[in-house]
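**Q** Before anything else, here's the structure in question.
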Amino acid sequence: MSRIIRLDLAFGLVVLLAACSGSDQPAPGGEGSKIVLGFSQIGAESEWQTANITSVRAAAAEAGITLRISDAQLKQENQIEALRSFIAQRVDVIAFSPVVETGWESVLREAKAAEIPVILTDRAVEVSEDTLYLTLIGSDFVEEGRKAGRWLLEHYSKETAKDHPGDINIVELQGRVGSAPANDRQKGFAEIIAADPRFRIIRSQTGEFTRAKGKEVMEEFLKAEGRRINVLFAHNDDMALGAIQAIEEAGMKPGSDITIISIDGVKGAFEAMIAGKLNVTVECNPLLGPQLIAAVKDVAAGKTIPRRIVTEESVFPREVAAQELPKRKY
Ligand code: AHR
C-alpha cells in the first residue's frame, strides 16, 4: 500500500472516530448535558444590583445550570467584551442587563449570527430589529416613575393651601445617564406631575445610581437652593440614602423638611422610613433569578417564550414600613 493511501486511511479513521465520539455527546443544553448561561452583570452600583446577582446565582445553582458571570464594572465596553467572549465560548444562552440603552446593535447581530439566544434582564435596549433578543424580563420603569408621581400628587392633595401656598419645588436625582431606568422613571414621573402646575422640577442631575454620588449632588442642590427645596425624587434608594446624609449635614430634617420619594424598596430604604427620614419607596424587584432561569430552560428546550415578562411590584409608604421590613428579602 502506497504511503499516500495509508495516510488517507489513517485520516479517515480519525474522522470516523471523531464522528462517533461526537454522536455520543448530548446536544448542547439537551438532556444529560448542563445548560451553559453567560451572564453579564452591570457591577456594584447599588444594593439592588447585589440582590439581583445573588438571586441569579441561587436560581442557576438550584436548576443545575452552569453560570458564567462577567462583572462589567459599570462600563458598556466591558459588557460588549463579555458578550463577545460568551459568543466565542459558544454558551447556550446569553443574558445581560444593559448598562445603557443604545450601542448594542453590532454585538447583538454577532450573537444572532452565532445562533446564540439573548435574554435581556431588568433593562431594555434600543435596537432597529426586534429579533436581536428573545425577551426582556423585568420592571416597567415608566410605570415606576408614574407611581412615584401619583404618590406625590396624593400626598400634597392632603396638604392645605396654607401649608403650601405656592409652588412645590422638586429636585431630581437621576440614575445613570442613558440607562433605561433613568430615562423611563424621569418620563413617567414628569408625565404625572404635569397634571398640577404647582409642581416644578427646579434641579435635575445624575447621581449615577450610587450612594456617594447621590450625596454629592444633593449637597450641590442644597447649596444652590437651600430651604426652597420641598421634594426630592431619587431614581433609586441608594441615591436617596446618600442624599439623606447630605440633608442632615445641612441641618435639615429629611422626610419632613424635604419630602423624599425613591425607587427600589431595599432594606436600607425601609430602615430609613422607620426612622422617619424617607417618605415612600416604589418597589423595583431585583429577584429576577427564578424568572430568568425558567426562561433559559424553556429556550434550551426549544419552547417559545413571551417577548416581555413584567415583574409585579408595589408602593411602600413609610406608614407600612415597620410591618413590611421583616418580610423583605432584599
Ligand atoms: O436597573 C435597575 C436599577 O439599577 C435599580 O433601580 C438601581 O438601584 C440600579 O442600580
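The values are calculated or read from the model by the stated rules, or taken from the named source; none is laboratory data. All of these numbers come straight from a predicted model, not from anything done at the bench. So basically every Cβ, Gly included, is an ideal-geometry build from the backbone, and we count neighbours across all protein chains shown. Quick note on the areas: whole protein, heavy atoms, side chains included, nothing else; ligands and nucleic acids left out. Shrake-Rupley method; radii C 1.70, N 1.55, O 1.52, S 1.80 Å.
**Q** Of the residues in the range 198-229, how many are more than 16 Å from the ligand (Cβ to nearest atom), closer than 21 Å to Gly251 by Cβ and either among the basic types (Lys, Arg) or over 28 Å from the mean Cα position of the chain (by Cα) (or both)?
**A** Initial filter on the range 198-229 (more than 16 Å from the ligand (Cβ to nearest atom)): 198-205, 216, 218-229.
Adding the requirement that they be closer than 21 Å to Gly251 by Cβ leaves 202-203, 216, 218-229.
After this cut, where a residue has to be either among the basic types (Lys, Arg) or over 28 Å from the mean Cα position of the chain (by Cα) (or both) as well, the list is 203, 222-229.
Qualifying residue count for the region: 9.
**Q** Which residues, counting only those in the range 87-108, are in a helix (DSSP H, G or I), farther than 19 Å from Leu136 by Cα and not β-branched (Val, Ile, Thr)?
**A** First pass over the range 87-108, keeping only residues in a helix (DSSP H, G or I): 87-89, 105-108.
Next, from what is left, pick out any that are farther than 19 Å from Leu136 by Cα: 87-89.
Passing the criteria: Ala88, Gln89.
So that you can scan it fast, the table gives a plain yes or no per residue for (1) out of contact with any strand residue (DSSP E or B) (no Cβ under 8 Å at 6 or more places or on another chain); (2) away from the ligand (no atom under 16 Å from the Cβ):
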| position | (1), (2) |
| --- | --- |
| Asp238 | no, no |
| Ala250 | yes, yes |
| Lys253 | yes, yes |
| Asp264 | no, no |
| Tyr330 | yes, no |
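**Q** Here is a check on your reading of the model: is Glu172 open to solvent by 30 Å² or more (accessible area, probe 1.4 Å) and at pLDDT 95 or above? Even if it seems obvious, please write down each step before you answer.
**A** On the way: open to solvent by 30 Å² or more (accessible area, probe 1.4 Å): no; at pLDDT 95 or above: yes.
So Glu172 fails the test.
**Q** Which of the residues belonging to the range 184-197 are under 27 Å from the mean Cα position of the chain (by Cα) and open to solvent by 70 Å² or more (accessible area, probe 1.4 Å)? Even if it seems obvious, please write down each step before you answer.
**A** Applying the first criterion (under 27 Å from the mean Cα position of the chain (by Cα)) to the range 184-197 yields 184-194.
Within the range 184-197, Lys187, Glu191, Ala194 meet the criteria.
**Q** Collect the residues in the range 109-156 that are of a type in the set (Ser, Thr, Tyr), within 16 Å of the ligand (Cβ to nearest atom) and not in a loop (DSSP other than H, G, I, E, B), keeping them in residue-number order.
**A** Thr121
**Q** Looking only at the range 235-261, count how many residues are in a helix (DSSP H, G or I) and under 26 Å from the mean Cα position of the chain (by Cα). Show your work before the answer.
**A** Step one: filter the range 235-261 for residues in a helix (DSSP H, G or I), giving 237-249.
If we keep only those that are under 26 Å from the mean Cα position of the chain (by Cα) too, we end up with 237-246.
The qualifying residues number 10.
**Q** Turning to a different aspect of this structure: In the range 48-58, what residues are within 16 Å of the ligand (Cβ to nearest atom) and either more than 11 Å from the chain's Cα centre (by Cα) or open to solvent by less than 40 Å² (accessible area, probe 1.4 Å) (or both)?
**A** Of all residues in the range 48-58, those within 16 Å of the ligand (Cβ to nearest atom) come to 48-56.
Once the filter is applied, which keeps residues that are within 16 Å of the ligand (Cβ to nearest atom) and either more than 11 Å from the chain's Cα centre (by Cα) or open to solvent by less than 40 Å² (accessible area, probe 1.4 Å) (or both), the range 48-58 yields Trp48, Gln49, Ala51, Asn52, Ile53, Thr54, Ser55, Val56.
**Q** Is at least one residue of the range 200-217 assigned to a helix (DSSP H, G or I), surrounded by fewer than 19 Cβ atoms within 10 Å (Cβ to Cβ) and not basic (Lys, Arg)?
**A** The answer is yes; a qualifying residue exists.
**Q** Out of all the residues in the range 59-106, which are surrounded by fewer than 22 Cβ atoms within 10 Å (Cβ to Cβ) and among the charged types (D, E, K, R)?
**A** Of everything in the range 59-106, those that are surrounded by fewer than 22 Cβ atoms within 10 Å (Cβ to Cβ) and among the charged types (D, E, K, R) turn out to be Glu62, Arg68, Asp71, Lys75, Glu77, Glu81, Arg84, Arg90, Glu101, Glu105.
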